[in-house]
Amino acid sequence: MLKLKEPLKEQKKLKFGTYPYTYVRTAVMKSLLFRKEDYHKMLKMDFNEIAKFLQDSHYKKNINELATGYSGADLLELALNRNLAESFKKLIRISPYELGLLIKEYTIRKDIEDIKTILRGKLTNANEKGILGSITAAGTLSYDFLVSLLRKESIEEVLKSNKIIDFVLLKEGLKYLNEKKSLASIENLFDRYYYIHLIMFSGNLPREGDLFRNFLLEEVEILNILTLLRMKRSKVDKNIVKDFIILSGDKAKDSKIMSLASLDNLEEISKALEKTKYKNVIAKGIEEFKKNDSLITLEAELYKYLLKQSVLFMHQHPLSIDTILGYMFAKDAEVRNLKIIVKGKQLGLSEGFIESQLVF
């Protein structure tokens, strides 16, 4: 079992006030997010029109700041990353201590995404400029620190210096990398650390954090389902698959996912999933998966489902911590959508295919 380096269970319960100033500021930031009709407009534009559309939006400042050194898709992607980082850091800045602490814990997921980007880049000997363009620095680690990680001589040196998880916990993953030439185990260890850490942290939240805890449990469940499908597709032994499952501490959910991991093949897992509450969410994705061995649609549909849950945060409890977390998830989805549109237009992909990957 993965051990955390901080005794979170011993922390005192956090207490939250009403914080109307923070919630109102968050509502203003939420009002800037693009709507479904905005995406439909962009889908009908060419690349230059999209660039102009973004330059006339809340991304204007970031695009203008970077325009002297970058152009084209590189400029837009860097501007999107910088805007995301600024948005999350602004939330911390306008939040009282307790709220800021929660936001920082949540944004560690962005640190982990950036570290994964660096690790994948080093494994594939990718161009440094391309890797830097994919780093958001929207978490707790600074852009300069992430650049220093990228410039380490080896993956092992990156892992030793990462600041998120103790290197001793990553040694098994490094062994797996050396044997299989795959980052799967290392990436899974980062994910397991993050979610175990955050679920334990959520236990210190007051009653207002119930929706957030439930959201986390659902997110873990969905990540586990995707892990199962990927590993079963690759015909990984089921005993090894079980080692990649993120245990949430919820006995019912953990028991259900472990029983799925015990099934012998994809056909059995697909049938079992069709009996769950995700039946309608995953129907289209399962069908494509069976036909084309592709998880693209399934991942997009599950991500859309999670976004809808985050929207509930903002609507059900407009003056609580949930509206802030809901905004962060929605903002992250917006940047993801825009990157997909920019890259899709740059590659000349069809409007229909690009739209199928978007999360509204």
Response to the item:
Residue hits (the range 247-286; of a type outside the set (Val, Ile, Thr), in contact with a Ser or Thr (Cβ under 8 Å, 6 or more places away or on another chain) and modelled with pLDDT under 85) are 284, 285
Item to complete: Only one of these is in contact with a helix residue (DSSP H, G or I) (Cβ under 7 Å, 6 or more places away or on another chain) and surrounded by 21 or more Cβ atoms within 10 Å (Cβ to Cβ): 123, 119, 66. Name it.
Response: 119
Worksheet item: Scanning the range 232-246 for residues that are modelled with pLDDT of 85 or more and surrounded by 20 or more Cβ atoms within 10 Å (Cβ to Cβ), which turns out nearest to the chain's Cα centre (by Cα)?
Response: 246
Worksheet item: Can you name the residue in the range 69-104 that is touching a residue at least 60 places away in the same chain (Cβ under 8 Å) and closer than 23 Å to residue 128 by Cα and is also farthest from the chain's Cα centre (by Cα) among such residues?
Response: 72
Item to complete: With the condition kept exactly as written, say whether any residue in the range 134-142 is outside any loop (DSSP other than H, G, I, E, B) and either charged (D, E, K, R) or under 21 Å from the mean Cα position of the chain (by Cα) (or both).
Response: yes
Worksheet item: Within the set of pairs 6+ apart or on separate chains, which have a first residue in the range 32-51 that is on the phi < 0 side of the Ramachandran plot, a second that is small (Gly, Ala, Ser) and surrounded by 13 or more Cβ atoms within 10 Å (Cβ to Cβ), and C-beta atoms under 7 Å apart?
Response: 33/330
Worksheet item: Would a scan of the range 146-155 turn up a residue that is over 26 Å from residue 258 (Cβ atoms), part of a loop (DSSP other than H, G, I, E, B), over 20 Å from the mean Cα position of the chain (by Cα) and hydroxyl-bearing (Ser, Thr, Tyr)?
Response: yes
Worksheet item: Does residue 160 qualify as being over 19 Å from residue 335 (Cα atoms), over 22 Å from the mean Cα position of the chain (by Cα) and modelled with pLDDT of 95 or more?
Response: yes
Worksheet item: Would a scan of the range 213-225 turn up a residue that is of a type in the set (A, V, I, L, M, F, W, C) and either surrounded by fewer than 13 Cβ atoms within 10 Å (Cβ to Cβ) or more than 18 Å from the chain's Cα centre (by Cα) (or both)?
Response: no
Discussion item. Please determine whether any residue of the range 188-201 is modelled with pLDDT of 90 or more, basic (Lys, Arg) and crowded, with 20+ Cβ neighbours inside 10 Å.
Written reply: yes
Worksheet item: In the range 248-303, what residues are over 21 Å from the mean Cα position of the chain (by Cα), among the β-branched types (Val, Ile, Thr) and more than 22 Å from residue 234 (Cβ to Cβ)?
Response: 276
Practice prompt. Out of 119, 66, report the one residue that is without any contact (Cβ under 8 Å) to a residue 60 or more places away in the chain and either acidic (Asp, Glu) or over 21 Å from residue 330 (Cα atoms) (or both).
Written response: 66
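The values are calculated or read from the model by the stated rules, or taken from the named source; none is laboratory data. Note that the structure is a prediction, hence the values are computed from the model and not measured. In this analysis, Cβ positions are derived from the backbone assuming ideal geometry, glycine residues included, and neighbour counts consider all displayed protein chains.
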